[in-house]
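These notes concern the structure reproduced below.
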Amino acid sequence: MKKDELVSAVAEASGETKASVNAVLGALSGVAESALKSGKAVSIPGVGKLDAAERAAREVRNPQTGETKMAPAHMAPRFKFSAPFKAAIKG
């Protein structure tokens, strides 16, 4: 499902206009990004939780040249689906 299809489906299901749904979806990424940068998790009710996890420094290899180097430690986003959502999809 592409963004315009998602906007249309949410607008139809909620009774809101496509413009308002599009604005909310556009703002969601910015709000989630700033929350994760400040160390907070973002919960999406009925769907799951978005948070950031520390990734340790590790050795990586370029498959074309075989050259190895160290990748620095960093924060990476992750998403965990809620149990009811998983159960609904599983059937």
Legend entry - Inter-residue pairs, beta-carbon under 8 Å, first in contact (Cβ under 8 Å) with a residue 40 or more places away in the chain and in the range 29-51, second of a type outside the set (Lys, Arg), 6+ apart: Leu36/Val42; Leu36/Leu50; Leu36/Asp51; Leu36/Ala52; Leu36/Met75; Leu36/Pro77
Inset, instruction - Mind listing whichever residues of the range 1-43 are outside any helix (DSSP H, G or I), among the hydroxyl-bearing types (Ser, Thr, Tyr) and exposed (fewer than 11 other Cβ atoms within 10 Å of the Cβ)? - result: Ser38
Legend entry - Positions within the range 48-91 being among the basic types (Lys, Arg), out of contact with any Lys or Arg (no Cβ under 8 Å at 6 or more places or on another chain) and under 24 Å from Lys37 (Cβ atoms), in sequence order: Arg55, Arg58, Arg78
Legend entry - Residue within the range 76-90 that is without any contact (Cβ under 8 Å) to a residue 24 or more places away in the chain, outside any helix (DSSP H, G or I) and out of contact with any Pro (no Cβ under 6 Å at 6 or more places or on another chain) present: no
Legend entry - Failed condition for Arg61, given (1) surrounded by 10 or more Cβ atoms within 10 Å (Cβ to Cβ); (2) touching a residue at least 12 places away in the same chain (Cβ under 8 Å): (2)
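Here, each number is a calculation from the coordinates, and none is a lab measurement. Just so you know, these numbers come straight off a predicted model, no measurement behind them. Glycine gets a Cβ as well: all are built from the backbone with ideal geometry, and neighbour counts include every protein chain shown.
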